[in-house]
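What follows is a single structure, written as structure tokens, with notes after it.
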Amino acid sequence: MPQYRLFRQTASLKIGAAIATIILAVTAGLTQILAIAQKPEAKRSSSPTADASESIAPCSFGDNFEQARQKAFLAENLARSAQTAQDWNLVILRWIQAIEGMQAVSLSSPKRAFAEQKVSEYQHNLAIAQLKAARVRQQLPFESFNSQFFDEQLLLYLSYTAAMGAPDILIVGSSRAVQGVDPHQLEYDLATQGREGLKIFNFGINGATTQVVDAILRQIVPEDRQPKLIIWADGLRSFNSGRKDLTYQGLVASRGYQALSAGIRPQLAIEPDLTNPECDLIPFNSISRSSPNRSYSRQKSSQQLIFSPSLRETILSATFLPKPSKIALAAEIIGTNANGFLPIETRFDPATYYQENSRVPGNYDADYLNFNLNGEQTAALNRIVAHSKKHNIPLVFVNIPLSNEYLDEIRLAYEEEFSQWMQQQADTQGFTFIDLLSKWGDENSYFQDPSHLNRYGAIAVARELATHPEIQFPITNP
């Protein structure tokens, strides 16, 4: 079975998804956080934040049940007086430790059944603490780009690269990318082909056009953190120069873009230092062996992992902690995972969808308004191609699927014209064009709505790309 985390909208597994987001987002892939601060705390100071200064050296793994109860007691007490994001981050850490302790109770222990019930209780409390931490998050360490989703994806990307280094494969595009290509599935499928250890990040942005993608690739991604492969997943809408590019207009009007134009790239206020010899040793057996960065964390000689004091402080710092993006969907709150991917559980059912949503014909669809493939978006495409050639990065454009319910006669005519034009651009300029437009048009279970994939569709796209003969995937890291 694929070893990737699937997010569900049911109440119990939604909490599990929140846990995964918290664990991964706090250190952007450093799952070692679960083993931090294992020893019982000393008497707590009157300030909840002061608890962060307690020693975080590993403890002896004795009675897991009693240690878990101690962590839960501390979490409850801290939550009563927590005010700042850092306070709530510490509450989150204590609930994570409490959950880990209860899950570690032996299956043969008479305490096991009770411990399982406490895990469910602690998971609920953890989810609440995570949401409260998000609400009081401190200021961004860089100027805003006038979009909460953009700011949060950028913050997550910076945190990811600080923890993992530059991704080998960078996925870019609009919402059709952010929820249409599953990085974990792609990592898994490539690993089964002998390309284990490749790092993949989805830097999709809701509403992104070709001009927005151009700004991300050429102005935001640093020169020393260029990927080895760019997968640009999107469609016609991003290339129509005849419609107003409100997303890009908002971007260039932002203070973040003004700073960018002045040569100031966004960066984290705190950078982790993994070279400091003064460190804590974290037991290796607490690290997930299926983690995509397991080669990064392996220490065969001592079977231990090293955390520097500065990284400890970073983990507890609200400036470093990325808040998962919150998007209202079907009366639920979900968020991007640690690799920037937004997993959507909803399955498109035309019979019920159109009871609540209007059926808009193609001739009234603003995405095709004043259809023009020879304007500012095309100029941005040319800049992206030139950038990829300059850095010797293979560029792959994937035309993301649309449902047959969406592709009426008018839309289909525009889409076919776009596909032909895009293939010509690829042949002329030397990049790869993969047309998946009608690949799963009748598979409504792969879609969230008529024009966006859900996580099942995103998995299917990842599997398709992993075996596509035209894609030059990077060589596996040593």
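Pick out the one residue from Gln148, Gln179, Gln193, Gln226 that is under 15 Å from Leu251 (Cβ atoms) and touching a residue at least 24 places away in the same chain (Cβ under 8 Å). Among Gln148, Gln179, Gln193, Gln226, only Gln148 is under 15 Å from Leu251 (Cβ atoms) and touching a residue at least 24 places away in the same chain (Cβ under 8 Å).
For the range 130-148, state whether one or more residues are on the phi > 0 side of the Ramachandran plot and modelled with pLDDT of 85 or more. Yes, there is a match, as at least one residue in the range 130-148 is on the phi > 0 side of the Ramachandran plot and modelled with pLDDT of 85 or more.
One line per residue, one yes/no per condition, for (1) more than 25 Å from Gln472 (Cα to Cα); (2) outside any strand (DSSP E or B); (3) open to solvent by 10 Å² or more (accessible area, probe 1.4 Å):
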| position | (1), (2), (3) |
| --- | --- |
| Tyr188 | no, yes, yes |
| Leu198 | no, yes, no |
| Val212 | no, yes, no |
| Ala215 | no, yes, no |
| Asp224 | no, yes, yes |
| Arg243 | yes, yes, yes |
| Gln258 | yes, yes, yes |
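Taking the range 165-186 as the range and being within 16 Å of Leu395 (Cα to Cα), of a type in the set (A, V, I, L, M) and in a loop (DSSP other than H, G, I, E, B) as the test, only Val181 passes. Taking the condition more than 25 Å from Tyr446 (Cα to Cα), touching a residue at least 12 places away in the same chain (Cβ under 8 Å) and within 29 Å of the chain's Cα centre (by Cα), does Leu381 pass? For Leu381, the condition - more than 25 Å from Tyr446 (Cα to Cα), touching a residue at least 12 places away in the same chain (Cβ under 8 Å) and within 29 Å of the chain's Cα centre (by Cα) - is met. For the range 51-73, a residue qualifies if it is at pLDDT 90 or above and either within 30 Å of the chain's Cα centre (by Cα) or closer than 12 Å to Lys132 by Cβ (or both), and the qualifying residues are Ala68, Lys71, Ala72.
Among the residues of the range 71-99, which ones are under 16 Å from Ser120 (Cβ atoms) and of a type in the set (A, V, I, L, M)? Matches in the range 71-99: Ala72, Ala75, Ile96, Ala98, Ile99. Scanning the range 378-416 for residues that are surrounded by fewer than 21 Cβ atoms within 10 Å (Cβ to Cβ) and of a type in the set (Val, Ile, Thr) yields a total of 4. Taking the criterion of being under 24 Å from Ile459 (Cβ atoms) and either part of a helix (DSSP H, G or I) or open to solvent by 10 Å² or more (accessible area, probe 1.4 Å) (or both), the residues of the range 228-241 that qualify are Lys228, Leu236, Arg237, Ser238.
Considering the range 356-377, the residues that are touching a helix residue (DSSP H, G or I) at 6+ places or on another chain (Cβ under 7 Å) and not in a loop (DSSP other than H, G, I, E, B) include one that is surrounded by the most Cβ atoms within 10 Å (Cβ to Cβ), namely Gln377.
Checking each residue in the range 436-462 for being buried (at least 16 other Cβ atoms within 10 Å of the Cβ) and either free of Cβ contacts under 8 Å to residues at least 12 places away in the same chain or part of a helix (DSSP H, G or I) (or both) picks out Asn444, Tyr446, Arg455, Tyr456, Gly457, Ala458, Ile459, Ala460, Val461, Ala462. Taking the residues in the range 104-137 that are without any contact (Cβ under 8 Å) to a residue 12 or more places away in the chain and part of a helix (DSSP H, G or I) as candidates, determine which candidate is surrounded by the most Cβ atoms within 10 Å (Cβ to Cβ). In this case the residue turns out to be Ile128.
Between Phe418, Phe433, the distinction of being of a type outside the set (Gly, Ala, Ser) and part of a helix (DSSP H, G or I) belongs to Phe418 only.
The values are calculated or read from the model by the stated rules, or taken from the named source; none is laboratory data. Small disclaimer: the values here were computed from a predicted structure and weren't measured. Backbone-built Cβ (ideal geometry, glycine too); neighbour counts: all protein chains shown. Ligands, DNA and RNA are excluded from the accessible area calculation, which covers all protein heavy atoms including side chains. Shrake-Rupley method; radii C 1.70, N 1.55, O 1.52, S 1.80 Å.
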